[in-house]
Each structure stands twice: as structure tokens, then as C-alpha cells.
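Novice: The structure is given below, and queries will be raised subsequently.
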Amino acid sequence: YCMHGYWENQDRMIIKGNDTMYTRQIIGNAIAEGEAEDMIVVFPYIYSSASQPDCTAMDDANNAAYDNFINDLTKDLMPYLEKTYSVKTGRENTAITGFSMGGRESLLIGMQRPDLFSYIGAICPAPGVTGDFKWKSGEEPHLVFLTAGSNDEVVYSTPNGYHETFTKNGVPHVWHYVNGGYHGDNSI
């Protein structure tokens, strides 16, 4: 599951953005080079409000609509995909990642549902992730991957704060710092 950022939609991570290489090319190249197995990647629209179809402002109400995506994901989207397509199930076969607000959501969902996700990626994740930043024994993810750009003028040092919290709590993770990286394509 690969999620977009604030104000964006499902096309951001597969069709738009990444102006030199689209996400589908990155995945295809990794598979072709034997660095990844064949996979199904889902690019959902993650704004989930009962009262409005799209984000209208950068505020707590709209943040809550993004945070509500966990319900659409776990109650509707994942069961639908597992029923409709031949997918490997189980946390050891399931990853969640995203850019900006999608990165925030991947961290939140990955921490709240360790039974579903064992691979968690957050690219320039937005602020707002809270909790103990730990998993119970046996529920630890196989991989936590955080990316930040040195010139990110949207989330600034938020990703570094997450990195420091994981480090402080002894949570193994990959910290990918992009020198010259901004809040966008070259950090993705």
C-alpha cells in the first residue's frame, strides 16, 4: 500500500510526480534486477471523510479524515483485495508506505496494526504521529524505513524527530537522509 500526501490523490505516487522515474518504474526495475519479488502495489485515495469528498484545509478536521483511512483500509480495501485478487496475505507479505501525509499514515497504521504490516516506510512523513514508538515482542516489523530531505521546507525536521524517537526506544530502522532532498520527488 503506497499512499499520497496532503492535497494529493492516488495518482501522485504512480502517475504524477517523481519527474525522472515513476514509482511503477522503480518497482518494475527492482523486480527485473532480482531485488524484489513480483508484487501487487495498491495506490489508494487516503482522504476518508464521511461528510466531504476531498480535503478542504490543512487543519485538525482534515487531519482526522486522513487518520480515518485506517478504517477504510482494514475494513473495506484489504478484504476486497484479498477476496478479488490472488495476493499473499499475512503481515510478513504486507507493506505500507507513503509520502508526506501518507508517510504519517503509514507510521500510524503500522504501529496500530502490527498484525497486518511487517514493512513500514515513511518518506518525508508529516507531523502528528504519537504513541510509544515501540512494538510488543513478536509484533516488531521486519523493516521500518524513514526518509528525510535536508532541504525539506514543508515538514522540516519532523522525520528526524521520528528517527530520534525510534533510536531512543531501541527500535531498529533504516534512516535514509537525502542531502539536497526537498519535500518531493528527489526524496521519493
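The values are calculated or read from the model by the stated rules, or taken from the named source; none is laboratory data. This one's a predicted model, so the numbers in the text were calculated from it and none came from an experiment. Neighbour counts are summed over all protein chains in view; Cβ atoms, including those assigned to glycine, are modelled from backbone coordinates with ideal geometry. Calculation scope for accessible area: heavy atoms of the full protein, side chains included, ligands and nucleic acids excluded. Shrake-Rupley method; radii C 1.70, N 1.55, O 1.52, S 1.80 Å.
Novice: Relative contact order for the range 1-76 using alpha-carbon pairs under 8 Å, separation at least 6, rounded to a whole percent?
Specialist: That works out to 31 percent.
Novice: Report relative contact order for the range 82-188 in percent, whole number only (criteria: Cα-Cα under 8 Å, sequence separation at least 6).
Specialist: It rounds to 24 percent for the range 82-188.
Novice: Sequence gap at least 6, Cα distance under 8 Å: using those rules, report the relative contact order of the chain to the nearest whole percent.
Specialist: Dividing the mean separation by the residue count of the chain yields 19 percent.
Novice: Computed over the Cα atoms, what is the radius of gyration of the range 86-134 divided by 2.2 N^0.38 Å, N being its residue count?
Specialist: With N residues counted in the range 86-134, Rg over 2.2 N^0.38 Å equals 1.13.
Novice: Work through the residues other than Lys88 whose Cβ is under 13 Å from its Cβ and net out their charges, Lys, Arg +1 and Asp, Glu -1.
Specialist: With Lys, Arg at +1 and Asp, Glu at -1, the net is -3.
Novice: While we're looking at this one, here's another question. Using a 1.4 angstrom probe with every protein chain in place, what is the largest-first accessible-area order of Phe69, Phe43?
Specialist: Largest accessible area first, the list is Phe43, Phe69.
Novice: Let me ask something else. Taking the Cα centre as origin and putting +1 on Lys and Arg beta-carbons and -1 on Asp and Glu beta-carbons, what dipole magnitude results for the chain, to the nearest 20 debye?
Specialist: I would put it at about 300 debye.
Novice: Here's a follow-up. Scan the chain and report its longest stretch carrying no trypsin sites (Lys or Arg not before Pro) that are both in a DSSP loop and have at most 15 other Cβ atoms within 10 Å. Walk me through the numbers before you get to the answer.
Specialist: Numbers: sites that count: Lys16, Lys88, Lys134, Lys136.
It runs 17-87.
Novice: When the helix-only estimate is applied to the chain (DSSP H runs of n ≥ 4, each -39,500 (n - 2.57), divided by the residue count), what is the mean residue ellipticity at 222 nm, nearest 500 deg cm²/dmol?
Specialist: Values: 6 runs with 52 residues, N = 188.
Only helices count here, giving -7500 deg cm²/dmol.
Novice: Additional query: Treating only the Cβ atoms of Lys and Arg (+1) and Asp and Glu (-1) as charged, compute the dipole magnitude of the range 1-98 about its Cα centre; round to the nearest 20 debye.
Specialist: Using Cβ point charges on Lys, Arg, Asp and Glu, the range 1-98 gives about 220 debye.
Novice: Another one. For a quick check, take a GNM of the chain with Cα springs below 10 Å and name the residue from Met58, Met39, Met78 with the largest mean-square fluctuation.
Specialist: Comparing Met58, Met39, Met78 in the GNM, the peak value goes to Met58.
Novice: Please give the direction-averaged projected area of the C-alpha convex hull for the chain, in square nanometres with one decimal.
Specialist: Directional mean of the projected Cα hull area for the chain stands at 10.9 nm².
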